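Remarks on the structure that follows.
The values are calculated or read from the model by the stated rules, or taken from the named source; none is laboratory data. Predicted, not measured: the structure shown is a model, and the values here were computed from it. Glycine gets a Cβ as well: all are built from the backbone with ideal geometry, and neighbour counts include every protein chain shown. Calculation scope for accessible area: heavy atoms of the full protein, side chains included, ligands and nucleic acids excluded. Shrake-Rupley method; radii C 1.70, N 1.55, O 1.52, S 1.80 Å.
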Amino acid sequence: MVAPIGEAPADHEVRRATWEDLPAVAALFQRAEADRQGTISFRTDDLRLRWLGRDGFDNTVLVADPEGDLAAFAEFTVDDGLLSDEPAVWIDARVDPRHLKKGLATFLHEQGQERARVEATHRDLPSMLLRTTVTAGDRPAESFLTNQGFQPAHHYLTMRLGLDEPPARPVWPDPITIRSAESSDLAAIHRTHQVAFDDHPAAMPMGLTDWVDSRTAGAPPDWPLWLVAEVDDRVVGICLGRSGTPEGKEVGYIRDLGVIPSWRRRGIALALLMTEFRRFYARGLSAVALEVDDDTLDGAADLYERAGMEVVRRTDVVEHVVMA
């Protein structure tokens with residue numbers, strides 16, 4: 001369902017986005033990021049990939065100033081319960097730092113509320129969660145969201161390790177062997193992932209094709225960076241990495257690290273992690289990064305810290321209930 005766009009703030013134009021707006025919207029994201037965090041990690045290609053996964057632009061709102069320059073932007077995504085037991089509407093909104101204190105953030109929030117009401121009505125529900133994220137320490141954003149009624153739901157951590165020198169050699173616990181995956185391993189990797197993350201509160205069963213697409217965005221896996229840990233030819237652990245993150249192509253990223261429950265606490269995850277670090281280093285990458293939900297992955301942050309990684313950013317998920 002699509003919510004109508006509300007009346008534009010005074011002297012501003014409001015409309016849906018188009019592909020022609022991609023460079024301007026990406027630049028807006030970067031200016032907002034630099035203003036609030038002091039760094040820029042968001043790339044135009046990140047937004048392009050996101051929009052390629054969208055079915056049109058009906059759930060976007062773009063605000064231009066009287067001169068036609070982009071002043072604010074928001075897009076909305078419906079989550080059918082991936083992060084909780086109930087559906088939610090996510091709002092990802094940015095206001096250009098040059099256009100703050102003009103009521104644009106409030107306007108975009110009102111659009112999110114209307115989107116949530118439309119979704120609740122469509123589903124015949126009395127209410128709908130409206131969710132967004134905020135970087136910890138961003139006091140203006142935290143204050144605004146609190147005043148709008150948002151409450152903390154959970155948080156996740158971005159962790160990083162510089163690869164200025166060769167990582168330590170991994171210790172592979174007996175009888176484990178670790179090797180690069182091959183195309184013939186896809187089904188086994190998928191099964192292992194589903195079992196390894198089955199006890200995660202946000203676990204969502206996925207078929208093989210959808211699961212592979214969600215990990216590769218349609219591109220072939222980078223097989224040397226997809227690792228499997230085996231016992232007697234049975235895959236019991238996986239580490240799925242790739243070259244490139246929003247920080248840059250020179251940074252390695254770990255998408256998934258998991259071990260099936262019956263083989264945990266034997267050093268397999270740490271061995272996979274250290275092996276992946278050495279693969280990244282051999283590629284000439286300058287660092288490795290990952291994200292971990294510190295509320296739900298018991299001990300995961302501790303594991304990554306033992307491997308030498310540090311928390312560089314905390315992102316809070318906040319939500320409030322919108323009545324239909």
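Listed values, structure above:
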| read-out | value |
| --- | --- |
| Size of electric dipole in the chain: Cβ of Lys, Arg +1 and of Asp, Glu -1, about Cα centre, debye, nearest 20 | 720 |
| Relative packing of 113-121, 280-288, which averages over residues the other C-beta atoms within 10 Å, highest first | 113-121, 280-288 |
| Candidates Glu110, Glu182, Glu20, ranked by Gaussian network fluctuation over the chain, Cα under 10 Å, top entry | Glu20 |
| Share, in percent, of DSSP beta bridges within segment 56-153 that are antiparallel, nearest 5 | 80 |
| Mean accessible surface per residue for segment 179-324, computed with a 1.4 Å probe while every protein chain stays in place, in Å² | 48 |
| Cβ-Cβ FRET estimate between Arg50 and Arg169, R0 fixed at 45 Å, reported to 0.05 | 0.75 |
| Dipole axis of the chain (+1 Lys, Arg; -1 Asp, Glu on Cβ), positive-most option in Leu129, Leu47, Ser183 | Ser183 |
| Protein accessible area in segment 31-81, 1.4 Å probe - carbon and sulfur % | 44 |
| Sum of side-chain charges, Tyr281 neighbourhood, beta-carbon under 11 Å (Lys, Arg +1; Asp, Glu -1) | 0 |
| Segment 1-60 and segment 91-149: distance between their alpha carbon centers, rounded to Å | 14 |
| Most to least packed among 95-103, 164-172 [average Cβ atoms within 10 Å] | 95-103, 164-172 |
| Carbon/sulfur fraction of accessible area - segment 263-324, other protein chains in place, 1.4 Å, % | 44 |
| Bins of 10 Å from zero: percent of alpha-carbon pairs in segment 169-303 | 12, 45, 38, 5 |
| Kirkwood Rh, Cα atoms: Rg over Rh of segment 172-215 | 1.03 |
| Segments 55-61, 226-232 sorted - mean Cβ within 10 Å per residue, highest first | 226-232, 55-61 |
| Stretch gain in nm, segment Glu110-Thr77, where the contour uses 0.36 nm per residue and the Cα spacing is subtracted | 10.4 nm |
| Pairwise label distance in nanometres, Glu310 with Leu208, each label 7 Å out on the Cα-Cβ vector | 4.3 |
| Relative frequency of Cα-Cα separations exceeding 31 Å in the chain, percent | 38 |
